[in-house]
1. Please report, ordered by residue number, the helices (runs of 4 or more DSSP H) entirely within the stretch 277-343 with at least 3 residues that are of a type in the set (S, T, N, Q).
2. Considering each of A268, A208, A278, A241 in turn, give the residue that is surrounded by 20 or more Cβ atoms within 10 Å (Cβ to Cβ) and either modelled with pLDDT of 95 or more or among the charged types (D, E, K, R) (or both).
3. Return yes or no: is N79 under 23 Å from E128 (Cα atoms) and touching a Gly at 6+ places or on another chain (Cβ under 8 Å)?
4. Can you name the residue in the stretch 366-401 that is in a loop (DSSP other than H, G, I, E, B) and over 27 Å from the mean Cα position of the chain (by Cα) and is also nearest to I312 (Cα to Cα) among such residues?
5. With A143, A147 as the choices, which residue is assigned by TED's automatic domain parsing to the domain that holds A44 and in contact with a Gly (Cβ under 6 Å, 6 or more places away or on another chain)?
6. Looking at the stretch 43-54, is at least one residue within 19 Å of I19 (Cβ to Cβ) and either of a type outside the set (F, W, Y) or surrounded by fewer than 20 Cβ atoms within 10 Å (Cβ to Cβ) (or both)?
7. Scan the stretch 368-407 for residues that are over 24 Å from D274 (Cβ atoms) and either out of contact with any Cys (no Cβ under 9 Å at 6 or more places or on another chain) or assigned by TED's automatic domain parsing to the domain that holds V116 (or both) and report the count.
8. Would you check which residues across the stretch 117-135 are small (G, A, S) and buried (at least 17 other Cβ atoms within 10 Å of the Cβ) and list them?
Amino acid sequence: MNFVEGGVCAAQGFRAAGIHVGVKTHATWKKDLALIVSDVDCAAAAVFTKNVVKAAPILVDKAHLTDGKARAIVANSGNANACAPQGEENAEKMCAAAAAAIGCKPEDVLVSSTGVIGQTLKVGVIEEGMPALYAALEHSEAASDAAAHAIMTTDTVKKEAAVETVIGGKTVRLGGIAKGSGMIHPNMGTMLCFLTTDCAISPEMIRAALLETVQVSFNRISVDGDTSTNDSCIVLANGLAGNAPITDKGADYQAFAEALKTLCTLLAKKMASDGEGAKHLITCTVTGAKSEASAETIAKSVISSTLTKAAIFGADANWGRVLCAMGYSGEAFDPDKVDVSFASAAGEIAVCAQGRGLDFDEDKAKAILTEHDVEIHVAMGEGSGSCTCWGCDITYDYIKINGDYRT
C-alpha cells in the first residue's frame, strides 16, 4: 500500500470542483461550494452523527441511500442547514440543482453542509452557481484541492489524502477530503469526510468496511468534546478498477478495509492536529489494558481531558492530569499498576511508575512537550488490550474563535 496524490480524484472516474458562490455574505473570496462526481453510478454508504439533533442534509442523505447507490456529493460551507427554516427543502434543492447539471436523478446525489446552525441557507446562490461549479469539474489534483478548500470553515489547512493498493490483481485507489477543526468529538467530529474509490465492491460490503473504519479512526479523535449536528462520512465506489466485485468478507475485503482504515486514520489525525487554536497534536497510546475496548475508553478520556489539554499547551509534564482522566473514564483498573511517560521528537521521559511520581528532569520534559507532536504513553499492566486515540491541546485562541463564531 502506498500514499499517492490526487485526493478524491486519485481513483479512476472521479471529478471534483470547488468555487465561491456566496453562501456566507461577508466571505467574498472563500470557496464555499464543492461537487464530487463519478462518471458512473456508485455503490455508496455513509455514517452520520449520533447527535439527536441532526442537520437537514443528513435526513435527506438517509433517504437517498436506501438503495445503496449514488453518483455525486454536493457540499457547502458557511451554513450548516441545521435547525434552519426550510432545511430539508433546501437540501433537496441542492441535490436537484446538482442532478440537473450532471444529468442524473436527484436521489442519486448526496448533500452535506457545514457552518452556522439555525440560519436559513441561501440556496438561491447555490442553485445559480451550480452550472459554473459543474463546468469547473476536473479529474485532477487541483480539482480535489479546490473541493477540499470549499468545505473548510475554521480549518487552517485542508485535509486530503489518497492511497493505492492491489486487490484481486488490480490496482485500486482510495482518496478522500475532510474538514474538521472544532466541534469535534465524533460518535458515529463539526466533521465532514468524503471518500472515493474505484474498487468494485457491493453496497453491503462497503457499508461494513466504513462502519469498521469509523470506529478505529474518526471515533478515536476529539478536539473539544462537542458532537456536531452535521457529522457525516460518505464513501462512493464506482468499480472502474476492474477487480472482481467484493461481495463477502474474504481476503479482498480485508485488503480494501485495511486501505480504507489507513486513509481515514490519516485524515482523522489531520483533523485532530488542526483543532481550533491548537498548537499540538496529542497522541495517547494505552497498552496492557484488560481489553481493546477498555484501552479505547481510557485513551479517549485522556485526550478529551481539558486539564490534560491545558497542561500540554503549557508544556507542563503534569502527569497527574492523565491519571485523573483515566480514573473518571468509567473503566475499572488498578492505579498502582499504571506507568506514564511523555514522548516526542525530542525524546521520551518516564514521569510515573506503578501509580507513583518519579523524579525527572523538568527541562527535558518541557523540551519534549514543546514539540508539535506529543505522545502520552500509558501502560496499564493488566492485560493485552491496546488502543491509540488522538486529540489536541486547548489554547486561548479556541475561546477567541468560538466566542463570536455566529456574529
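1. Details: elements: 292-304, 306-313, 319-327.
By residue number, 292-304.
2. Within the list A268, A208, A278, A241, the selection yields A241.
3. Numbers: under 23 Å from E128 (Cα atoms): yes; touching a Gly at 6+ places or on another chain (Cβ under 8 Å): yes.
Yes.
4. Going residue by residue through the stretch 366-401, those that are in a loop (DSSP other than H, G, I, E, B) are 371-372, 380-384, 393-395.
Restricting the remaining residues to those that are over 27 Å from the mean Cα position of the chain (by Cα) gives 380-384.
On the way: M380: 21, G381: 25, E382: 27, G383: 28, S384: 28 Å.
Going through the qualifying residues, I end up with M380.
5. On the way: A143 fails: in contact with a Gly (Cβ under 6 Å, 6 or more places away or on another chain).
Unique residue meeting the criteria: A147.
6. Taking the stretch 43-54 and keeping what is within 19 Å of I19 (Cβ to Cβ), we get none.
No, that holds for no residue.
7. Residues of the stretch 368-407 that are over 24 Å from D274 (Cβ atoms), as a first pass: 378-386.
Filter again for either out of contact with any Cys (no Cβ under 9 Å at 6 or more places or on another chain) or assigned by TED's automatic domain parsing to the domain that holds V116 (or both), leaving 379-386.
So the count comes out to 8.
8. Of all residues in the stretch 117-135, those small (G, A, S) come to 118, 124, 129, 132, 135.
Residue satisfying the conditions is G129 alone.
The values are calculated or read from the model by the stated rules, or taken from the named source; none is laboratory data. Bear in mind that the values here come from a model prediction, so they are computed numbers and not experimental data. Note that we place each Cβ from the backbone using ideal geometry, even for glycine, and neighbour counts take in every protein chain shown.
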